[in-house]
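Notes for the one structure printed next.
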Amino acid sequence: MAKSVLLLSGPNLNLLGEREPLIYGDATLDDHVATARAAAEQHGLDLDHMQSNHEGDLVAAVHGARGRYDAIVINAAALTHYGWSLHDALAAFEGKVVEVHLSNPYARETWRHTSVITPVADGSICGFGGLGYDLAIAAVARMLE
């Protein structure tokens, strides 16, 4: 049976392709999900995606992933920096967790340098644009071998 991955996308990522293209590029969220799906298929993984602008929805998705998914790939967007309830939910998830960001938060404003997700993630990938989704799925595949 194929291993399964839940891809979670946080607030405002539904505006990718329109919002600050000099920082986030011109690819849409659908483009990034398609990249992740293609990578997952290449690695023999099943992938589901969920996006929400509401922290509670993402927390509920992580709770629902317990015992159902082998890994979570998450771009928590702005919740990266203050989403403690998301941190706690991910800490209770027994599978692998990979944090991904299109931009490099460490090359941006100081407040973006702190991630509350990183301490509960197996790894973080940032600054590679859309390639980050491909890298995150490849990392998950290797960790699940």
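The values are calculated or read from the model by the stated rules, or taken from the named source; none is laboratory data. No experiment lies behind these values; they were computed from the predicted model shown. Here the Cβ positions follow ideal geometry from the backbone for every residue, glycine too, while neighbour counts run over all protein chains shown.
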## Note on the structure
Over region 55-71, the set of residues within 22 Å of Tyr133 (Cβ to Cβ), outside any helix (DSSP H, G or I) and not acidic (Asp, Glu) is Arg68, Tyr69, Ala71
### Test result for Glu94, surrounded by fewer than 22 Cβ atoms within 10 Å (Cβ to Cβ), modelled with pLDDT under 95 and under 14 Å from Val5 (Cα atoms)
no
### Task
Taking the residues in region 84-101 that are of a type in the set (Gly, Ala, Ser) and not in a helix (DSSP H, G or I) as candidates, determine which candidate is farthest from Val59 (Cα to Cα).
Gly95
#### Entry: Residues satisfying the stated conditions in region 104-129, i.e. surrounded by fewer than 18 Cβ atoms within 10 Å (Cβ to Cβ), in a loop (DSSP other than H, G, I, E, B) and small (Gly, Ala, Ser)
Gly127, Gly129
### Query
Counting just the residues of region 1-38 that are small (Gly, Ala, Ser) and part of a helix (DSSP H, G or I), which one comes out farthest from Leu144 (Cα to Cα)?
Ala34
### Message
Being out of contact with any helix residue (DSSP H, G or I) (no Cβ under 8 Å at 6 or more places or on another chain) and without any contact (Cβ under 8 Å) to a residue 40 or more places away in the chain narrows it down to one residue among Asp48, Asp30; which is it?
### Response
Asp30
### Hits in region 63-120 - residues which are free of Cβ contacts under 8 Å to residues at least 12 places away in the same chain and of a type in the set (S, T, N, Q)
Thr110
### Task
Sort out which residues of region 13-39 are within 13 Å of His101 (Cα to Cα) and modelled with pLDDT under 95, and write them in order of number.
Leu16, Ile23, Tyr24, Gly25
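In region 40-54, how many are assigned to a helix (DSSP H, G or I) and either surrounded by 22 or more Cβ atoms within 10 Å (Cβ to Cβ) or within 14 Å of the chain's Cα centre (by Cα) (or both)?
At the first step, the residues of region 40-54 found to be assigned to a helix (DSSP H, G or I) are 40-42.
Filter again for either surrounded by 22 or more Cβ atoms within 10 Å (Cβ to Cβ) or within 14 Å of the chain's Cα centre (by Cα) (or both), leaving 40.
Of the residues in that region, 1 qualify.
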### Query
Does Leu7 meet the test of being hydrophobic (A, V, I, L, M, F, W, C), buried (at least 18 other Cβ atoms within 10 Å of the Cβ) and within 19 Å of Leu135 (Cα to Cα)?
yes
